[in-house]
Amino acid sequence: MTIWIALLLGVVQGLCEFLPVSSSGHLLLLSKLFGVEEGGAFFTVMLHLATLVAVCIVYRKTLWELLKKPIQKLTGMLILATVPTVIFALLLKKVAGGFYADMQDGSYLGVAFLLTSVLLLICDALMAKGAEGRRDLSQIKVKDALIIGGMQCIGVFPGVSRSGSTITSAVSSGLDRKAAADFSFLMSIPAILGGLVLEAWDAKDAILAGNLGVPIPALLVGMLAAGLTGYFAVRFMIRLITKRKLWGFAIYTALLGAAVIVLQLIGKV
């Protein structure tokens, strides 16, 4: 893996982890296009670690309050929302068999991008109804957390945006734009951490053998790019969701999904 490819993958991971376009889908697509196989699993783990640090920095004040007083409503809601995803991810890996392998290999990548587009259009339609009667983060309910957590489950599919699915479900549950964004990004912390653990487990043999498969300079460049772009992507999305619509991302993921399907049909991906 060259430094330039590592830089590109790092930027894509940082941006797409928090923009509603699916980081896993973009990384998988680019890895296929550039033929990145050796060191791919370990490199992905480290990119996720970098974006985890980025979102923790953005929400450092909220996280510090949660650490000082862990027994509180928001902590419970975040844990509750994370449980469905953990159960779903573990069951999917054990039960789905060939479907899970095909999903991780990108066989359904184009369809997944199209699904993201549909979710974003639904989110825009819901937000267009206005803020009247919507609740802030302090008013989140158990039902909201379970719905949002349930929708986060489909974010494990490469090409389906985790932030897109959780923000859409948060808005549909009656939360206001700011609450939807904040809860979604706070949820990303255990989600990224869980994904990091699973990916590290898959790459454990190579890690323990010291066979990283990626040069240290390229690894550091990729992590730095992912961390910096992730930090600015979170801040950008918070402002965007509270004031703007998401139709631009919907168009992008729809076009990308269609392009991937065409490339798959002609055997290029």
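Descriptive notes on the structure:
- Helices (runs of 4 or more DSSP H) wholly inside region 1-77 containing at least 2 residues that are under 30 Å from Ala250 (Cβ atoms) and modelled with pLDDT under 90: 3-16, 23-34, 40-58
- If the condition is being modelled with pLDDT of 85 or more and among the charged types (D, E, K, R), then region 88-127 contributes only Asp124.
- You will find that of Gly35, Gly14, Gly106, the residue that is on the phi > 0 side of the Ramachandran plot, touching a helix residue (DSSP H, G or I) at 6+ places or on another chain (Cβ under 7 Å) and either of a type outside the set (Asp, Glu) or free of Cβ contacts under 8 Å to residues at least 60 places away in the same chain (or both) is Gly106 and no other.
- Where Gly174 falls short, out of the listed (1) touching a residue at least 60 places away in the same chain (Cβ under 8 Å); (2) open to solvent by less than 30 Å² (accessible area, probe 1.4 Å): (1)
- Enumeration of residues in region 131-152 that are among the small types (Gly, Ala, Ser) and part of a helix (DSSP H, G or I): Ser138, Ala145, Gly149, Gly150
- Helices (runs of 4 or more DSSP H) lying entirely in region 183-269 (those with 3 or more residues that are modelled with pLDDT under 80): 204-208
- Scanning region 1-29 for residues that are hydroxyl-bearing (Ser, Thr, Tyr) and surrounded by fewer than 20 Cβ atoms within 10 Å (Cβ to Cβ) yields a single hit, Thr2.
- Yes/no for Ala89 being under 23 Å from Leu256 (Cβ atoms), in contact (Cβ under 8 Å) with a residue 40 or more places away in the chain, open to solvent by less than 70 Å² (accessible area, probe 1.4 Å) and among the hydrophobic types (A, V, I, L, M, F, W, C): no
- When region 131-153 is filtered for residues that are over 16 Å from Ile189 (Cα atoms), crowded, with 20+ Cβ neighbours inside 10 Å and of a type in the set (Val, Ile, Thr), only Ile140 remains.
- Residues of region 98-130 that are open to solvent by 40 Å² or more (accessible area, probe 1.4 Å) and small (Gly, Ala, Ser): Gly98, Ala101, Ser107, Ala125, Ala128.
- Test: residue in region 242-253 that is farther than 30 Å from Leu49 by Cβ and open to solvent by less than 50 Å² (accessible area, probe 1.4 Å): no
- Across region 59-83, the number of residues qualifying as open to solvent by less than 30 Å² (accessible area, probe 1.4 Å) and either aromatic (Phe, Trp, Tyr) or over 21 Å from Arg135 (Cα atoms) (or both) comes to 1.
The values are calculated or read from the model by the stated rules, or taken from the named source; none is laboratory data. Everything quoted here is computed from the prediction, not taken from an experiment. Because the Cβ atoms are built from the backbone with ideal geometry, glycine has one as well, and the counts that use them run over all protein chains shown. To get the accessible areas, we keep the full protein, side chains included, count just its heavy atoms, and leave off ligands, DNA and RNA. Shrake-Rupley method; radii C 1.70, N 1.55, O 1.52, S 1.80 Å.
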